[in-house]
Structures are given as C-alpha cells and as structure tokens.
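The values are calculated or read from the model by the stated rules, or taken from the named source; none is laboratory data. This one's a predicted model, so the numbers in the text were calculated from it and none came from an experiment. We place every Cβ from the backbone using ideal geometry, glycine too, and count neighbours over all the protein chains shown.
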Amino acid sequence: MLKTFPKGGVHPPENKLSEGAPIDILPLPEQVVIPINQHLGAPAEPVVEKGESIKAGQIIARSKGFVSANIHSSVSGKVLKIDKMSDSSGYKQTCIVIKVEGDEWLETIDRSGELKKDISLAGEDIIKKCAEAGIVGMGGATFPSHVKLSIPPGKKCDVLIINGVECEPYLTSDHRLMIEKPEELLTGISLLMKALGVEKAMIGIENNKKDAINKLRELVPGYKGISVHALRVKYPQGAEKQLIKALINREVPSGGLPVDVGTIVHNVGTAFAVYEAIQKNKPLVERVVTVSGKDMGKPLNLLTRIGTSINNLIEYTGGLVDSTAKVINGGPMMGKALSLIDVPVTKGTSGIILLREEESRRKKTGPCIRCSKCVSVCPMGLEPYLLMTVIEKELFERAEKERIMDCMECGSCSFICPANRPLLDYIRLGKASVGKIIRERKQK
Amino acid sequence: MSSVVLITIISLSLLGIIAALILYFVAQKFKVYEDPRIDKVEEALPGANCGGCGFAGCRNFAEAIVKSETFEGLNCPVGGAETMARVAKILGREAPEVEPRVAVVRCNGTPENRKRTSYYDGATNCTIVHNLYGGETGCPYGCLGLGECVEACDFDAMYMDNKTGLPVVIDDKCVACGACVKACPRNIIELRKKAKKDRKIYVSCVNQDKGGPARKACKVACIGCGKCEKVCDYDAITIENNLAFIDSDKCKLCRKCVSECPTGAILELNFPPRKTAEKKEPEKAEA
C-alpha cells in the first residue's frame, strides 16, 4: 500500500500533457516587467533608477523587513521606468521595467552546467545566502525561504520534507526538474539539510511520476540521509500539512506550523534554486513554467526569465487557440484565472494553463442538497457547506469557531459539489473577514 | 373529599403569596434604575435598527443620547431634523442643525464607457470579486455591478439599472444611513450634502491611475488633469492620487467645472438645461 494522507481528498483528471516535454529555454523577451512584490510579506524596495544600465543577476530591489525577499534583474539592459503596472490580478503594483540589451551576467555568477557537489559553507551562511539570492517557496505560495529555514528558538526540527508531489493537474515543471536535474536537486537538498542541521530528508513523489521516482532512487545512495517515497495519487497531497501526515504521520496542530511537529517542507523547485544560489552564486531570476492545454499544439516546460510576459510564453507554444476560454496562472485547482495575459511571470508562476470552454465555465448553481460530499473530501476535516452558509449570513465568529482559518483553499469542496455551489469563493471571503477580526483583536 | 379541595386551595394560595413576596423583595433589592426618557426617546426614533447612527440599534442610540450632555456626534440620519427635534424636546435640549445628506455613486462605467475585458462567473458578491481580481473591466477601481450596496439598503432607496449595470440611488428614499457606503468594497459611494431640488455636481469616478491608463479603461474617467481645480472659485475641488474630488460642503453648484472637464467625468444632475448648449449634457445616471 502506498502512503497517502488519510482524510478527504479528490482525484481530478491528471492531464499531465507536458510530462514528456524536456525543459526548453524560452528566448529572451524584448523587455521584462519585474514586480517588487512577488512574495508573501513586505514588498521589496527598488534600488535602481530610471535609465540605469544593469546586468542580469544584479539586485534591483532590496527586501524590507524579515519576511520579505530580494529581487534581482533577470536580464541585462536599461531600466525603462519604475511605475505602477497591472499584475496577474488586474490590480496595479509597482514594477521595474527593463529593456533587454544583450545577455550579460554578473561575473560572480557561474552559468556553466558543471555539477558542483562539495558543500563548503556553514549552515548559517547558507541561510544568509538564500536570503541574499531572494529565494522563495517555488510551489506557488512564495513564502521567503530564509524565514522558513530560520527555526524559531525553542523549536526543533528533525526531518526535512521535500515536496515533489505536484498534485495539481497539468503542471509538470517539478516533474521535469526531478528528471533532468536530479543531482543538482539532491545537492540542493543536502544544502537545506545542512542549513537546518537535520540528518534526514524525505522526498515525497506521487506515483504517477514513476520515472522521477526511479531516477532519484538510483541516485540517493550517493547522498547521506535522503530517501525517496512514492505516494498514492491524491489531491491535495502537495499541501504542506497533508504531505507531512502522509510521510511521517504527524499532525500539524490547528493554527500551528510544520516546525511545531519537528519538520520543514520545501518544494523541489526551491531545492534546485538553493543549489543554484549557493553553488553557482546565481540568484532566483528564472524558473520552469509549464505551458499546457488540451488544444495546444505542443504543451511545453519552459525555463523562463522572471518578468517575461505570459503572452510571450503562449506565443512561443503556438499562440492562443480559438477554443481557449480561460487562461489560468498556476494549476487548474488552485490557480487564478487571468483577466489580462500581458502580465509578467513571477517567482510563483508554476504554470500557464489554457482551458476550453467546457472545462472552465461554471455550471448553474443549485441549492445545497445536504449530500455532505464537501465534508467527506475536505482534507482539513472542515464542513464547507456550513462555512458557506455562516459566511453568507455574516456570522464571522461562528465561522472562526468552525475553524475557517484552517482552510488552505485547495478547492476540493467546490470541485466535488454536485450543485456547483461556490463554496470556496465564500470561504475565502470568510477567511479575509475573520482574519481582519483576528488582527484587530490582537492589536487591542 | 371537600377537605382535600380546601387544603389544596389554601396551600397553593399560601405558596403563591410566599413566592410573590420573595419575588417582590428580590425585585426591590436588585432593581436597576433606568432613565424613563430612554424609552421615550426610543419611541421617537424610526425603529429601523439600521445602524446609520453608528450604534447597533435604536435602543443603543437612545441610551447614548440620554447619557450624553450634548448632541455632539449623535444624529439619526434616517429620521432627520424632524426626529432630532422631537428627541430634543423630550430631553429638554436644543437640537443642532444637521444638514441632510444623500448617497451618491461615483462611477459612470456603463458598458459603452467602460469596455469589458474579462468574464466573471463565480459567486455574485462584490467583495469576493474585489478580493479576487480587478474586475470584468479594465478599471480596477470602478463599480463591479453585483449590487452589494443595493442588498445592504434597508430603505429600498437603491436599485440596479440593468442598462448601465450600475446602482442608482433614489434621492427621495435615501436617508443617508451609510449602509451602502460600508457595503461597497471599493469605496465608490459617498454621502454628500443634499442641495435644493436634489441638484448635485460630483466627480463620477474613483480611478486613481494616471491619465493614460485611466482613460484607456474608461471613456469618462477622471484623469486628474486639474482643470476643474483651477476654475473653481470656492476651493471646493482637490486633486489627490490623479483624482479630483468636489467637497460638497464647499461647492456652490456654479457648474463651472462641469464644462471644463475634458472627459465628462464631472456630472451635473437635476439642473435645468443650459441656455447656450456648448457642450452636450452628460448622460443622466439618476432616475
């Protein structure tokens, strides 16, 4: 029996169309638009000025506060402007626009493909360098990695969990990374282990990626303390708490963090970025983005510079097809539909999915028939139908009591609901309102 | 047989009397004095419990107003001057003059003015859309058109205009309780001073983008050019974040700014038509 998390979960059609496509390098765009807020926490502060010439890898915005991340230029060229531009949500935020001129990198960055396995840095220095390189969680939540690696005093961590689950349909960027850069990845994991001071690391991979499992299993004997675990295919296994439960059978308490049960979870993409930052001196300026869709000519995995317009990626893979009804930033379960496609790829963009009309259109909403399917699929053991009702009636205190803040917005409830009720929409609204109430209470 | 009935009646009566005495003394002992004026004031209030005064309901407002020495910061916008005068009479005070106000929707993004850029088919709730993304049009500031304000109105003073997709305030019914102002996640609705014959001049836009992007998103957007500010003789207009704002307390309704606005973002409503029609009269958003 393969391991998995015990409570809830769904199995959406996998549609991993691009799993066979090797990572392709997207040609340099003419200009990049780099938002100063690509991570959770405080936005970074621009340190370049209009008209300045910069090299790829140069820092262009410095982190402000502990929970924040540095931002580096992904290209060489001239700063055209620093202005408010639309991001993927349609709202405007400050972005640094750079006109691309050539492809000149900072001399300190090692861009050769040579594998560097020896770890020379001490744990603390690794964390410092991660912060310097602006590394954030690449799974999509974009939480600054150096914050996660700095274990709060009094807490202990004994095992590092590496998330190679990629449970979202369509997405294959992590999958390709595991196949194509396994040694780099494992070195990155060793680096993370050293930074955390743990002896053990477990890589969790869903069983629909057998080639990645085999490849990594072949190589792990060369690395101390790392093991590979195949998991049963079930959404949302890639969620931190579910993965911890599946792999080491520990339950993160409500409102707690993984470190409360002695573990830290990092994504494979993050581990690879850590390898590049520490061993190659390369900050986080590019990432692998899956561009996929059923009617696309050739679904691809593209190594893309941060700040490239999403439009460029779609054009490169053959352009928008007529049947496209919705373009999604991220996976189809948790990703967000785009209202504009001329918006930049950011550190958290794992995929661009083109959905057909019938895949994307919401069906007519009916009344709740009390089938309790949403309750049985909720991986957090919540009652989505009830949460929606109390939020509609604005009973926020009741919603808090019903643990609404434990919801991680996986969308399993909305996915399974036979009456097509917008359960997650209302739960998100409730989370925002309850979060506000909690913050106000803390201030008092 | 009859003695059983007699004993029952006597014992039950005794029990009743004893219980009544206990209750009486307890009530005397734990009596809480309440100002009888609170009840009277509450009766004088409209009893809508709308929260427009800032209190949870009419009772709370009555308690506060009786307790307070002055009327400072206390006003029932629903009842207006008449109600406040009645309350003042009960309390033996003078009611201060409070100018009546009315809600105004500061967005004129009709389908003709504001092109649709995406299609939203999720939950019909303005706050949900606002938290999710910029909205169905290119303007991330304007009305989302899902009618949360209309739902919030307890006085049937608002409705959604199907043609324009925008909410409309019925001036005669609006009591300026401010429920719609609180309900709107985009802060589009404002309470403005009510003028004679419901005449009003206001900037019907809340877009804070620079001129170019604002105009691109909506034909009648305020571009923050500052022409209106210059032409105003009463210092009623201020420009902040690329957006003009007309202070209704200072505005004398002279209409100079209206003809000056290059995009037609400033609306004049309920005025008689101008004699020399240099400019086409802006479309009326009000019924």
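What number of residues within the range A:283-305 are farther than 23 Å from A:ILE60 by Cβ and surrounded by fewer than 23 Cβ atoms within 10 Å (Cβ to Cβ)?
The total comes to 5.
Listed residues B:VAL98, B:VAL102, B:VAL5; which is at pLDDT 90 or above and within 30 Å of B:ASP198 (Cβ to Cβ)? Steps first, please.
On the way: B:VAL98 fails: at pLDDT 90 or above; B:VAL5 fails: within 30 Å of B:ASP198 (Cβ to Cβ).
When all the criteria are applied, what remains is B:VAL102.
Quick check: is even one residue across the range A:385-392 free of Cβ contacts under 8 Å to residues at least 40 places away in the same chain, over 23 Å from A:PRO169 (Cα atoms) and polar (S, T, N, Q)?
Within the range A:385-392 (the criterion being free of Cβ contacts under 8 Å to residues at least 40 places away in the same chain, over 23 Å from A:PRO169 (Cα atoms) and polar (S, T, N, Q)), the answer is yes, since at least one residue qualifies.
In contact (Cβ under 8 Å) with a residue 60 or more places away in the chain and either in contact with a Pro (Cβ under 7 Å, 6 or more places away or on another chain) or of a type in the set (Gly, Ala, Ser) (or both): does that describe A:LEU355?
Against the criterion (in contact (Cβ under 8 Å) with a residue 60 or more places away in the chain and either in contact with a Pro (Cβ under 7 Å, 6 or more places away or on another chain) or of a type in the set (Gly, Ala, Ser) (or both)), A:LEU355 qualifies.
Among A:ASP110, A:ASP87, A:ASP83, which is among the acidic types (Asp, Glu), free of Cβ contacts under 8 Å to residues at least 24 places away in the same chain and not assigned by TED's automatic domain parsing to the domain that holds A:PHE272?
Of the residues listed, the single one that is among the acidic types (Asp, Glu), free of Cβ contacts under 8 Å to residues at least 24 places away in the same chain and not assigned by TED's automatic domain parsing to the domain that holds A:PHE272 is A:ASP83.
Across the range B:220-234, what is the total count of residues that are outside any helix (DSSP H, G or I) and in contact with a helix residue (DSSP H, G or I) (Cβ under 9 Å, 6 or more places away or on another chain)? Please lay out each step first, then the result.
First pass over the range B:220-234, keeping only residues outside any helix (DSSP H, G or I): B:220-226, B:232-234.
With in contact with a helix residue (DSSP H, G or I) (Cβ under 9 Å, 6 or more places away or on another chain) added as a condition, the list becomes B:221-225, B:232-233.
Here the count works out to 7.
Output the residue which, of all residues in the range B:66-112 that are touching a residue at least 60 places away in the same chain (Cβ under 8 Å) and outside any loop (DSSP other than H, G, I, E, B), is surrounded by the most Cβ atoms within 10 Å (Cβ to Cβ).
Of everything passing the filter in the range B:66-112, B:ALA103 is surrounded by the most Cβ atoms within 10 Å (Cβ to Cβ).
Filter the range A:52-105 for residues that are under 20 Å from A:ASN329 (Cβ atoms), out of contact with any Leu (no Cβ under 7 Å at 6 or more places or on another chain), part of a strand (DSSP E or B) and within 14 Å of chain B (Cβ to nearest Cβ) and give the result.
A:LYS84, A:MET85, A:LYS92, A:GLN93, A:THR94, A:CYS95
If you check A:LEU28 against the conditions, is it of a type outside the set (Phe, Trp, Tyr), farther than 30 Å from A:GLU104 by Cα and either modelled with pLDDT under 95 or assigned to a loop (DSSP other than H, G, I, E, B) (or both)?
No; evaluated as a whole, the condition is false for this residue.
With respect to A:LEU26, determine if the residue is touching a residue at least 24 places away in the same chain (Cβ under 8 Å) and in contact with a Lys or Arg (Cβ under 6 Å, 6 or more places away or on another chain).
no
Restricting to the range A:47-62, give me the number of residues that are aliphatic (A, V, I, L, M) and surrounded by fewer than 15 Cβ atoms within 10 Å (Cβ to Cβ).
Going residue by residue through the range A:47-62, those that are aliphatic (A, V, I, L, M) are A:47-48, A:54, A:56, A:59-61.
Keeping just the survivors that are surrounded by fewer than 15 Cβ atoms within 10 Å (Cβ to Cβ) gives A:47.
Qualifying residue count, the range A:47-62: 1.
If you scan the range A:351-398, which residues turn out to be within 13 Å of chain B (Cβ to nearest Cβ), more than 30 Å from A:SER309 (Cβ to Cβ) and among the small types (Gly, Ala, Ser)?
none
Tally the residues that are in a loop (DSSP other than H, G, I, E, B), touching a residue at least 60 places away in the same chain (Cβ under 8 Å) and either among the β-branched types (Val, Ile, Thr) or touching a strand residue (DSSP E or B) at 6+ places or on another chain (Cβ under 9 Å) (or both), restricting the search to the range A:205-238.
8
Report whether or not A:SER89 is of a type in the set (S, T, N, Q), out of contact with any helix residue (DSSP H, G or I) (no Cβ under 8 Å at 6 or more places or on another chain) and either surrounded by 19 or more Cβ atoms within 10 Å (Cβ to Cβ) or closer than 27 Å to B:SER118 by Cβ (or both).
Spelling it out, it is not the case that A:SER89 is of a type in the set (S, T, N, Q), out of contact with any helix residue (DSSP H, G or I) (no Cβ under 8 Å at 6 or more places or on another chain) and either surrounded by 19 or more Cβ atoms within 10 Å (Cβ to Cβ) or closer than 27 Å to B:SER118 by Cβ (or both).
Every residue in the range A:399-444 that is among the polar types (S, T, N, Q), more than 14 Å from every other protein chain (Cβ to nearest Cβ) and touching a residue at least 24 places away in the same chain (Cβ under 8 Å), please.
Listed by number, the list holds a single entry, A:SER412.
Quick check on the range B:196-212. Is at least one of its residues surrounded by 15 or more Cβ atoms within 10 Å (Cβ to Cβ), within 14 Å of another protein chain (Cβ to nearest Cβ) and in a helix (DSSP H, G or I)?
There is at least one residue in the range B:196-212 that is surrounded by 15 or more Cβ atoms within 10 Å (Cβ to Cβ), within 14 Å of another protein chain (Cβ to nearest Cβ) and in a helix (DSSP H, G or I).
Kindly indicate whether B:ILE170 is closer than 21 Å to B:PRO100 by Cβ, more than 10 Å from the chain's Cα centre (by Cα) and modelled with pLDDT of 90 or more.
Here the answer is yes, as B:ILE170 does meet what is asked.
For the range B:38-53, name all the residues that are of a type in the set (Gly, Ala, Ser), in a loop (DSSP other than H, G, I, E, B) and crowded, with 17+ Cβ neighbours inside 10 Å.
Scanning the range B:38-53 gives B:GLY51, B:GLY52.
A:GLY65: crowded, with 16+ Cβ neighbours inside 10 Å and not assigned by TED's automatic domain parsing to the domain that holds A:SER309, yes or no?
Spelling it out, it is not the case that A:GLY65 is crowded, with 16+ Cβ neighbours inside 10 Å and not assigned by TED's automatic domain parsing to the domain that holds A:SER309.
Is there any pair linking a residue in the range B:118-132 that is more than 9 Å from chain A (Cβ to nearest Cβ) to one that is modelled with pLDDT of 90 or more and part of a helix (DSSP H, G or I), with Cβ under 6 Å and at least six apart or on different chains, and which?
Matching pairs, first to second residue: B:CYS126/B:GLU148.
Is it the case that the range A:169-181 has a residue that's surrounded by fewer than 21 Cβ atoms within 10 Å (Cβ to Cβ), out of contact with any Cys (no Cβ under 7 Å at 6 or more places or on another chain), outside any loop (DSSP other than H, G, I, E, B) and not hydrophobic (A, V, I, L, M, F, W, C)?
Looking through the range A:169-181, at least one residue is surrounded by fewer than 21 Cβ atoms within 10 Å (Cβ to Cβ), out of contact with any Cys (no Cβ under 7 Å at 6 or more places or on another chain), outside any loop (DSSP other than H, G, I, E, B) and not hydrophobic (A, V, I, L, M, F, W, C).
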